[in-house]
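Bear in mind that the values in this text are calculations on the coordinates, not laboratory data. Please read these numbers as outputs of a predicted model, since none were measured by experiment. Glycine also receives a Cβ, built like all others from the backbone with ideal geometry; neighbour counts cover every protein chain displayed.
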Ligand SMILES: NC(=O)c1ccc[n+]([C@@H]2O[C@H](COP(=O)([O-])OP(=O)(O)OC[C@H]3O[C@@H](n4cnc5c(N)ncnc54)[C@H](O)[C@@H]3O)[C@@H](O)[C@H]2O)c1
């Protein structure tokens, strides 16, 4: 039995509960939350063995294969390091940490304790599956030629109400920022993964208070990232906007280009284009093969790769590069 413990069972903790519970051979051995109501809610809906109000007790008492850290951003580093030091492998929610110093300490704690540290980047499974895996395989097979530009947009209509003040996300000390640090880890990671390049040459970006107008909490972010391979990532992110929620990825190669995306809740389609031709039909892309159809969820991917001793797509090293990019983007915004 693969034993999972979840620290923090709020919004995203419940998503992990749902998805880990659905995997055969996985047991939710323990959950922890400082809030009794959150524990009761989780217990009512899921088959959970042990519950704790203090994470230290969970970490000390339980023998687990994986601890998932699902608390507000400012607690990621501290709780992850505690979990690693008490001998647990950790999957940490995004963003990995509030700053690079903390993220480095997390990686060092994993190394020193010879434990695995993984970071959540679930969008490829939750929003773009399976088209994005087909796209990635086509990119890696050089079908698009050299990839020189990827444009990624994730624009939401509404995330938080303007009159909401209680959420930790809107408090800079707890969140570290707004749309960029919240959505950036997903979208920057997707761009770097598609480009097979997690090294940045330069980052030039801007953030804006947008419609929410909260101090130090960006509601909109736009940036240009130049990768070591010379591929550029152009990224727009927003929490609020006078538009329909949508996301889109355009990949430009010197042989072909591709577009993937949708208006929220519609199935993403993969379209391929060639200079001087009409849109290429799906048949020309080739049928989806088993390597284009991976696990159904990030959680399945994590369990499978851990059990088989394989490297996952959720490494702390890549999450560090993504956080480094976000840090440079916020710095550049001050210019
Ligand atoms: N991967 C994704 O798609 C995704 C989506 C939403 C949120 N997140 C991330 O998940 C994390 C949690 O976000 P959320 O939306 O679930 O927040 P939330 O406020 O809904 O839940 C956080 C939970 O942590 C608990 N908590 C707070 N301090 C704690 C402590 N010291 N020990 C244990 N529990 C504590 C709270 O009581 C609450 O139940 C954030 O880092 C966020 O960025 C990721």
Put a dot 7 Å past each Cα toward the Cβ at residue 141 and residue 277; how far apart are the dots in nm?
1.4
Additional length obtainable on full extension of the chain from residue 304 to residue 335, 0.36 nm per residue less Cα span
6.7 nm
With everything on Cα atoms, drop me the angle between helix 316-333 and the longest principal axis of the chain, reported from 0 to 90° to the nearest 10.
70
Normalised by the number of residues in the chain, what is the relative contact order in percent for Cα pairs under 8 Å and 6+ residues apart?
18
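For residue 44 and residue 173 in the same chain, what is the full-extension length gain: residue separation times 0.36 nm, less their Cα-Cα distance, in nm?
Extra length from residue 44 to residue 173 when fully extended: 43.2 nm.
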Residues 260, 150 arranged by fewest to most Cβ contacts within 10 Å
260, 150
Ranked packing of 227-233, 237-243, most packed first, by mean Cβ within 10 Å:
237-243, 227-233
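Arrange the peptides 312-325, 162-175 so that the one whose residues have, on average, the most other Cβ atoms within 10 Å appears first.
The packing order, highest mean first, is 312-325, 162-175.
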To the nearest 10 degrees, how steeply does helix 298-308 sit against the main Cα axis of the chain, on a 0 to 90 scale?
70
How big is the chain along each principal axis, measuring the range of its Cα positions in Å and listing the largest first?
64, 46, 38
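Applying a 10 Å radius around every beta-carbon, put 189-201, 74-86 in order of their mean neighbour count, most first.
Highest mean packing first, the order is 74-86, 189-201.
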Please list the three semi-axes, largest first and in whole Å, of the ellipsoid equivalent to segment 166-249, using sqrt of 5 times the eigenvalues of its alpha carbon gyration tensor.
25, 14, 11
Quote to one decimal, in nm, the extra length available between residue 166 and residue 213 on full extension: 0.36 nm per residue of separation minus the C-alpha distance between them.
15.4 nm
What whole-number volume per residue, in cubic angstrom, does the convex hull of the C-alpha atoms of segment 136-176 give?
141
Extending each Cα 7 Å along its Cβ direction at residue 37 and residue 311, get the distance between those two points in nm, one decimal.
4.5
Structure-based [θ]222 nm, the chain - -39500 (n - 2.57) summed over DSSP H runs of at least 4, per residue, nearest 500:
-10500 deg cm²/dmol
Return the Rg/Rh value of segment 2-119, two decimal places, where both radii are evaluated on C-alpha atoms and Rh is the Kirkwood radius.
0.95
Take the alpha carbon atoms of segment 305-320, find their center, do the same for segment 221-262, and report the distance between the two centers in whole angstrom.
25
Once the principal axes of the Cα atoms of segment 196-335 are found, what is the range along each, listed largest first in whole angstroms?
48, 45, 33
